[in-house]
Amino acid sequence: MFSMSVLVTFIHQAIMQGIPILYGSTGEILTEKSGHLNLGIPGIMYAGGISGVIGAFLYEETLPSRDAINPVLAVLIPLLSSILGSLLMGLLYCFLTVTLRANQNVTGLALTTFGVGFGNFFGASLVKLTGSEIPSVALTNTSQFFRAYLPVADKLGAFGQIFLNYGFMTYLAIIIAFVSAYFLRKTRKGLYLRAVGENPATADAAGINVNRYKYTATCVGSIIAGLGGLFYVMDYACGVWSNEGFGDRGWLAIALVIFAVWRPDLGVPGSIVFGGLYIVNQFVTGLPMRDSELFKMLPYIVTIIVLIFTSIRKKRELQPPEHLGLSYFREER
Amino acid sequence: MNATPAAIALRGVTKKFGHVVANKNVDLDVRRGEILAILGENGSGKTTLMNMISGIYYPDEGQIFIDGAEVMIRSPKDAFHYKIGMIHQHFKLVDIFSATENIILGIGDGKYNLKAAESQVREISERYGFVLAPDKKIYDMSVSEKQTVEIIKVLYRGADILILDEPTAVLTPQETDKLFQVLRRMRDDGKAIIIITHKLHEVLAISDRVSVLRKGEYIATVNTAETNESELTEMMVGKKISLNIERSEPKAPQDRLIVKNISCEGVMGRKMLDDVSFTARSGEILGIAGIAGSGQKELLEAIAGLQNLSGGDILYNDPKTMQTVDLRDKSPTEIRELGVRLSFVPEDRLGMGLVGNMDIIDNMMLRSYRRGHSMFLNRKDPRDLAQRIIDDLEVITPGATTPVRRLSGGNVQKVLVGREISSHPKVLMAAYPVRGLDINSSYLIYNLLNKQKEHGVAVIFVGEDLDVLIELCDRILVLNSGKVTGIVDGRTAKKEEIGLLMTKTDYGTEVQANG
């Protein structure tokens, strides 16, 4: 059923599907390592996406003509506005859960609702500004720079198609994942961060500034996750923003954290597996629409299986940080 | 020796928490190359005193000198600067980290080199004779290994004044011996060591000098070689204070609960109860004395059916049916139905038995919800009961619908004890019912217990204050490391006698040897 060229397309698309999820899960892993379960990630990715779109839209509006676009600004402006958007979301989450010690689950879910609403509101507003008939904003002009890849890729056949045929944000996602893994396992600051998430009282007693680590990890995590939203619009969706288009990718990112047993490096292959499972229905021919939707459950089912497996093995290294989801109160007398 | 100033000296140190004086005018000297034991009962202020040296608290009055120079220790960081290291009773370790990772936590900004740190840890281990694999994960370690990590942690940070807060409380005798060998080696290396303990034989075994605290006050310091157990006990427990608690003669006491040779094991295979036997009689208050953690909680839970016993019997003479049943065959619910009631007041008061966010009525229902047969809750009976407890025990509360956590400690305890009493128990077990209460509230609880006794209930009272136990109880059972070291008559018992039973190990053999 699978010819070679179909397989190559499948792998390529699986990776494209996996990258937004990888951004989200790397961000969430960093956050969770500080002991904070940020269920606001779907909302933050949404906000990261729309912020980038707003930045790009405003920039494109200022241009006298299509060709006057500056490649550097076309990339930098959406990138920075996306970072700003998700950073603000991260700070909001931190202020509520770290400083005010609000319940993390409630805060996270509220943030997701907020982020999606925020995205839809501004998405709809932009559509209105363009005066377009179709309910979407097309930023194809900006998108071309996000999608640009090395021209040699086309000449290298399957190899080029699988490994080289991507915009820079794909490679950035993988680099961030590996750098995060290295940071957590091999650096002193990574050790301290893990200590904060495992046992904040111990970290505090050892002279580690617990709240600073929590803030930094959560905000950096939010920024990384937000880039996933930006990648989705600018690269995967070819610069076309439509409300709700992002779908459940944010939740998939949180599922991937469990699937990757809190290791950003394992998130890389994990995201490709998730991406593949997410689109496999399109490659099974002769499937009625309603059945194909069932296939979209696969990543979640796989996650549940992993969860069962790790719970049975009870290996401590495969478990979430011990203090995940709990607020830290310094003992005061 | 006297020419060089003490490594650390305290002069007139006083610390108050609100109205409670935790330490009053304490003087203390520790020299390099010696082990000083700090001896005192629970709540005598040993840990508070050490927390002031290690920077957790700041003294209200008094001075601290290090090597003769006056210092201010305002934070643990300051203490670390003066090379003071404290090993707490509760370990502060990250479970999934290795020993080395825990040891280097929070220090140094230099290059992160785990291998180098590991070899340094190994070096320290060898120097003092610790047995520790630097790369072993904490979750794989025994309690004694975890303690070793804590000690190496402070040594790694360069501490030369070490404070150990009841280090042997969690250790087996063999592990204790090993620890003492290490401590001696550190002493010979020129370190000043303070060890907090309430175990007399350990004081005699390890220390060079002993300082005794009693109820926050500094009593005296003596050379270990020139003292003995009975002198130390007397210094520790002090003279008897009269409290004037009423005590009626038991009326027609009958054996209600017969505990025979029960044993149970805690985590890591430590024996929490070791061959415990006694009889609780109706119309009598049986006191249980002992250092905290000597098996009191386990004993009560065993009777209530909440512990897995490794042996023994708990026989209950049911006054209703005149039959004898073994409670070990019964579920906790069945035991409760038989009239054996437990009210345990934990250190945080709301930890066991009451739900803080629920009101008094709902907390009553936690015990009675099984009685309902309809799908909906019957709140009328519990409401009446709650109101009765509020009236009878003078619980100060805006109403029965006030969440329990808003009540003051004494009132919470009244609700807790009142709920158990309301079920007309045959055996009432009250653990620390006056913990944290002021004097008037305490007397109210004593009167409650006395009333139960007059109604023919077998009352078991676990207490902390020896003066109270001696005046309230008809008989006092002394627990020491899970063993019964004696059952004495409350009317004739001497405080020192009970103190000795509580603190001394191998009581039977040694005391006989001493005549």
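The values are calculated or read from the model by the stated rules, or taken from the named source; none is laboratory data. As the structure is a computational prediction, the values presented were derived from the model and not from experiment. Glycine gets a Cβ as well: all are built from the backbone with ideal geometry, and neighbour counts include every protein chain shown. We work out accessible area using only protein heavy atoms, side chains counted, and drop any ligands, DNA or RNA first. Shrake-Rupley method; radii C 1.70, N 1.55, O 1.52, S 1.80 Å.
Summary table
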quantity: Theoretical ellipticity at 222 nm over chain A - DSSP helices of four or more residues, -39500 (n - 2.57) apiece, nearest 500; calculated: -22500 deg cm²/dmol
quantity: Max mean-square fluctuation residue, GNM over chain A, Cα-Cα springs under 10 Å, options A:L88, A:L287, A:L172; calculated: A:L287
quantity: Test item: B:95-107 mean partner chain Cβ contacts at 10 Å; calculated: 5
quantity: Diffusion constant of the protein assembly as shown at 4 °C, which comes from Stokes-Einstein with the Kirkwood Cα-pair radius and 1.567 mPa s, µm²/s; calculated: 41 µm²/s
quantity: Gyration tensor verdict on segment B:153-300 (Cα atoms; rounded if a/c is under 1.5, prolate if a/b is larger than b/c, oblate otherwise); calculated: oblate
quantity: Helix-only [θ]222 nm of chain B, DSSP H runs n ≥ 4, -39500 (n - 2.57) each, per residue, nearest 500; calculated: -9500 deg cm²/dmol
quantity: Solvent-accessible heavy-atom area per residue, rounded to whole Å², over chain B at 1.4 Å; calculated: 45 Å²
quantity: Computed over segment B:83-211, Kirkwood Rh from alpha-carbon pairs, angstrom; calculated: 15.0 Å
quantity: Filter on B:K24/B:K191; B:K16/B:K83; B:K92/B:K414; B:K46/B:K115; B:K146/B:K494 - keep pairs with C-alpha separation over 31 Å; calculated: B:K92/B:K414; B:K46/B:K115; B:K146/B:K494
quantity: Lysine pairs meeting the criterion (Cα under 28 Å, 8 or more apart or interchain), as found in segment A:19-332; calculated: 13
quantity: Sites excluded, GluC sites (Glu not before Pro) in DSSP loops with at most 16 other C-beta within 10 Å, longest stretch of chain A; calculated: A:1-132
quantity: Global geometry of segment A:116-175, whether rounded, prolate or oblate, following the gyration tensor of its Cα atoms and the 1.5 cut on a/c; calculated: prolate
quantity: Solvent exposure, largest accessible area first (probe 1.4 Å, DNA, RNA and ligands not counted), of B:K330, B:K320, B:K137, B:K24; calculated: B:K320, B:K24, B:K330, B:K137
quantity: In Å², nearest 10: area of B:R336 left accessible to a 1.4 Å probe; calculated: 50 Å²
quantity: Derived scalar couplings ³J(HN,Hα) [segment B:150-163; Karplus, 6.51 cos²θ - 1.76 cosθ + 1.60; whole Hz; x for Gly, Pro]; calculated: 4, 5, 5, 4, 6, 5, 4, 7, x, 5, 10, 10, 10, 10
quantity: Descending semi-axes in whole angstrom, ellipsoid equivalent of chain A, from the Cα gyration tensor; calculated: 33, 25, 19
quantity: Shape category assigned to segment A:128-281 from the gyration tensor of Cα positions, a/c cut at 1.5; calculated: prolate
quantity: Along principal axes, Cα extents of segment B:262-301, largest first, whole Å; calculated: 39, 19, 14
quantity: Peptide-level mean, for A:183-189, of C-beta atoms on other protein chains within 10 Å; calculated: 2
quantity: Solvent accessible area, Å² - B:H455, 1.4 Å probe, full protein context; calculated: 130 Å²
quantity: Longest to shortest principal axis, alpha-carbon extents of chain B, angstrom; calculated: 72, 56, 45
quantity: Per-residue average of Cβ from other chains inside 10 Å of A:310-316; calculated: 1
quantity: Qualifying lysines (Cα of each under 24 Å from Cα of B:K320; at least 8 residues distant if same chain); calculated: B:K251, B:K260, B:K330, B:K426, B:K451, B:K453
